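As structure tokens, the structure follows; a few thoughts come after it.
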Amino acid sequence: MSPRSASLVARQTLSPERPPSSGQRAGQSREGDPQDSVESIASVPPPEAPGRPRFLKLLRREPACLGGPHNKMRRFLRPGHDPARERLKRDLFQFNKTVEHGFPHQPSALGYSPSLRILAIGTRSGAVKLYPFCPPGSHPGRPWKGWGPWPCYGAPGVEFMGLHRENNTVVQIHFLPGQPQFMTRISDTLGSPSVSCQLVTLLDDNSLHLWSLKVKGGVSELQEDETFTLRGPPGAAPSATQITVVLPHSSHQLLYLGTESGNVFAVRLPAFRTLEDRAISSDAVLQWGRRRWDHPPTPAHARCFFFPAMKQLENVFWQRDSRLIVSCHSDGSYCQWRMTSNSPKPEPLRSCVPYGPFPCKAITKIFWLTTKQGLPFTIFQGGMPRASYGDRHCISVVHSGQQTAFDFTSRVIDFTVLIEVDPAAAFDDPYALVVLAEEELVVIDLQTAGWPPVQPPYLASLHCSAITCSHHVSNIPLKLWERIIAAGSRQSTHFSTMEWPIDGGTSLAPAPPQRDLLLTGHEDGTVRFWDASGVCLRLLYKLSTVRVFLTDTEPNESLSAQGEEEWPPLRKVGSFDPYSDDPRLGIQKIFLCKYSGYLAVAGTAGQVLVLELNDEEAEHAVEQVEADLLRDQEGYRWKGHERLCARPGPVHFEPGFQPFVLVQCQPPAVVTSLALHSEWRLVAFGTSHGFGLFDHQQRRQVFVKCTLHPSDQLALEGPLSRVQEGSSRAERTGLQNMELAPVQRKIEARSAEDSFTGFVRTLYFADTYLRDSSRHCPSLWAGTNGGTVYAFALRVPPAERRMDEPVRAEQAKEIQLMHRAPVVGILVLDGHSVPLPEPLEVAHDLSKSPDMQGSHQLLVVSEEQFKVFTLPKVSARLKLKLTALEGSRDYGEHHLAVLTNLGDVQVVSLPLLKPQVRYSCIRREDVSGIASCVFTKYGQGFYLISPSEFERFSLSTKWLVEPRCLVDSAESKKRSRPRNGSGPEKSLGRARNSGSQSDGEERRSGPVMEHALLNDERVLKEIQSTLEGDRGSCGDWRSQRVAVGYSLSNGGAE
């Protein structure tokens, strides 16, 4: 059996005062088993006082339970089995996937319900996602201060998801208008579930599917009720039944289907019964055309209109008064026609080529909407000049002499216009344009001059630039939170003040228990700060490091910059920008201290920036210091990319995090590890060549240490090297992927001649006993890819002499692991076997002071085993070898939780290293998901399920993060259009208790989207005839319980 490789270590706060959940136990590996590999380490504060005594008490009783000499039940138990301990595990550990953050991967269809204001998006993998509600008091102009009503100003995340069994592409989505009017079948229960919403989806396999949003047992579900495939007569061509158009009838009972061959079929819902007497064949249509309207068909049967065959018809829009239609064509033109004409050759009232006279691309969709002011809105997709702008993805808006072509950086999937929904209204009065692009959702305010975009509260384009790393920080102090929000609000002045228009339903979600940040580093040199407190991932602030460096594009340049007289009048919209000015700008490591406000970021070209938060604009020079990691080394020549050139002189910075010092590593290799100690004002950094320590208070380098082995010539190639030597390219690719993909390999003793042995994998600050047991001192620990651990004793002057005396460092210890396995995590435990607190955590009374009386222990996590050493003698105390075929990333509270490269999570007790539970988390084939995983301080985790989506999961049962929604089918009677500026806040609906899925069982993964929630039972195919106005349905996407922990690992959580 091949061995497993481990990847990341973390800690979790656990409390036994929680609802029971089933756990899964993993057996402990024997000494002779093949070993595993691990990648980093994290730790968590102890549980609250009520939960701690019970937990510790059971741990103290554990040895007797596991087979002590006085255990009378020993012969009846399986070795290592303890019922009390198993019961405690069920109370402590519970694995759940809770919510998805971000933008759906590969969207393919858009649907919108004007009456309920619900948005639906379909994907190529067969998923359907509904975004139905607006929480109270939410608005982009009123930023959330930390507590109170839900902070997001729109539907906070995906509330309902369904996955078609076929996993085919969703081509069209149509909400059924009005309320369900058909009866339910006789069921085995007295009551039947209420239905607040129904929709029909068309897949690329020509199948139709009926979905209903139902309330069953107080929990709302998106359920697939019926499927249907249109069948033609025997021998008919496939085009005769290939559906191209779906039109729901206002009665809620009929569905009209247009096919590729020109046939029209009528289908009765909900059973999808074809009505033969209402079918219209293409031959009949042609026959009516030959009669030249001498005997037109009755309105009850059909209404036909024939266009001149001069140009190909793309789409048709029927105006509100039903007297005019607008057609758009393949030559980039659109025409207006009068429906009252009985002429055999009708002429258009108006014909226009908006971007002519040169050849233009087709206009594929068009809206012609009336207003009270008299001048209509003309909104269409495409039509750009073919030669110069044929590759642009544009939607144009024309109104009252103003014309703008909104230019999107990704392909437009579909769009719709939000208008007045009252059927008795005389005018459309459009107020918002909703565009679903391939990589983002964009909403344009049509009521405000200039048509500004509306800031999206959900469906965030996480991948606006490719995500290169992530970092989570839990429990942010309110002061820091408010300062970050204030800095971000100044970046949002270009957005409209309109309230989010897609606001169907009411949020019942409680306020999040604390403030959490998720920081993502991107390829373009930006760091984005996301509110990860609850189910909605909301962008708070964006930091750009580009201003510090000289690049080909000036930071003030805009891709949408264009003169006023330019034609066509293009305007770039949206945040998605897949292009990077320079790949060396990419962010690789992030470390934020939530107590001091210091931030350290490191990049691809060896740049390390230290930043501090400033509430005002500033203009200053960034001090530059060079750290030569190959100092006094001869015979080495860097063959990789060059360093970034820093911008000379003062640089203007906007409010927010502003850099004040730049440390440039030489050679300019990728920074592989980063650590910041804000109390000592020190930052440590590591690359494939060594590591260094920098004093950012005195702006001076403390020391550098070269870890390069004489055989590590490959480390000098660099991931962006321009060297084109035969095999070096493949080897450099391996270097790039080293951090990204845990490698399955046979565990065996490694040679010192192996490549990348000097690669620094982890850095860790600790105040512990390093030289002797009589006094402790600050220290820096570093672990390398060659299994070496370096320990440096630091002398940090007291505060009153901090600026006068330098920080001094001296190497105190060097540990070489027997198998030379890469060291991916280091952690020091105090005298009570509790991980040392974060810097400044004790000073802010957020943690107890560490026990400095008892002996400390050193936990070293390698890719093969966990090993505990005593300090200061560094003698091995105990170890745990991982079983075969596993690798890990970790997590735990007095536990280590290991995420293996098979996607399993195994929890191990600390410091005894005894396996507790094992869960299946990520598909083993999802290498990028495993590599992108980051853990939080309190038992949650995030990993990428696609380039644009994070999956959130939990291993604990302490907190509940659960999106809840009430969708009332009668809401449309009272709903008005959204307002600009501050509007009246809705009252918070009464929260309902829900039964979250917490059975601990492994979920069955679908072939494409394992995360989609779909009830496969096919029951209740029809719905009760009417719904009373006060009846609604409660939307509750089954998010599970969430708990928390903090990570000390590089690029992990904190």
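The values are calculated or read from the model by the stated rules, or taken from the named source; none is laboratory data. This is a predicted model, so every value here is computed, not measured. So basically every Cβ, Gly included, is an ideal-geometry build from the backbone, and we count neighbours across all protein chains shown. Ligands, DNA and RNA are excluded from the accessible area calculation, which covers all protein heavy atoms including side chains. Shrake-Rupley method; radii C 1.70, N 1.55, O 1.52, S 1.80 Å.
Structure notes:
- Any pair with Cβ under 8 angstrom, 6 or more apart, that starts in segment 600-623 at a residue that is closer than 16 Å to Val546 by Cβ and outside any strand (DSSP E or B) and ends at one that is among the aromatic types (Phe, Trp, Tyr) and at pLDDT 95 or above: Val622/Phe660
- Members of segment 464-486 that are assigned to a helix (DSSP H, G or I) and open to solvent by less than 10 Å² (accessible area, probe 1.4 Å): Trp481, Ile484
- Test: residue in segment 357-364 that is aromatic (Phe, Trp, Tyr), out of contact with any Pro (no Cβ under 7 Å at 6 or more places or on another chain) and outside any strand (DSSP E or B): no
- Test for Glu814: is it surrounded by fewer than 14 Cβ atoms within 10 Å (Cβ to Cβ) and touching a Phe, Trp or Tyr at 6+ places or on another chain (Cβ under 9 Å): yes
- Across segment 789-805, the qualifying residues are those that are over 17 Å from Gln857 (Cα atoms) and touching a strand residue (DSSP E or B) at 6+ places or on another chain (Cβ under 7 Å), and the one among them that is most open to solvent (accessible area, probe 1.4 Å) is Arg795.
- Verdict on Leu537 being aliphatic (A, V, I, L, M), modelled with pLDDT of 80 or more and in contact with a strand residue (DSSP E or B) (Cβ under 7 Å, 6 or more places away or on another chain): yes
- Filtered residues of segment 627-642 (kept if in a loop (DSSP other than H, G, I, E, B) and of a type outside the set (Gly, Ala, Ser)): Leu629, Leu630, Arg631, Asp632, Gln633, Glu634, Tyr636, Arg637, Trp638, Lys639, His641, Glu642
- Residues satisfying the stated conditions in segment 883-905, i.e. open to solvent by 10 Å² or more (accessible area, probe 1.4 Å) and at pLDDT 75 or above: Leu902, Asp904
- Some residue of segment 333-349 being in contact (Cβ under 8 Å) with a residue 40 or more places away in the chain, part of a strand (DSSP E or B), of a type in the set (Phe, Trp, Tyr) and under 30 Å from Ser461 (Cα atoms): no
- Boolean, Ser928 is modelled with pLDDT of 80 or more, closer than 30 Å to Arg515 by Cα and either open to solvent by less than 10 Å² (accessible area, probe 1.4 Å) or in contact with a Gly (Cβ under 9 Å, 6 or more places away or on another chain) (or both): no
- Of the residues making up segment 381-419, those that are surrounded by fewer than 18 Cβ atoms within 10 Å (Cβ to Cβ) and of a type in the set (Gly, Ala, Ser) are Ala387, Ser388, Gly390, Ser400, Gly401, Ser410.
- Taken together, Ser580, Ser596 contain a single residue that is farther than 16 Å from Leu676 by Cα and of a type in the set (Gly, Ala, Ser), which is Ser580.
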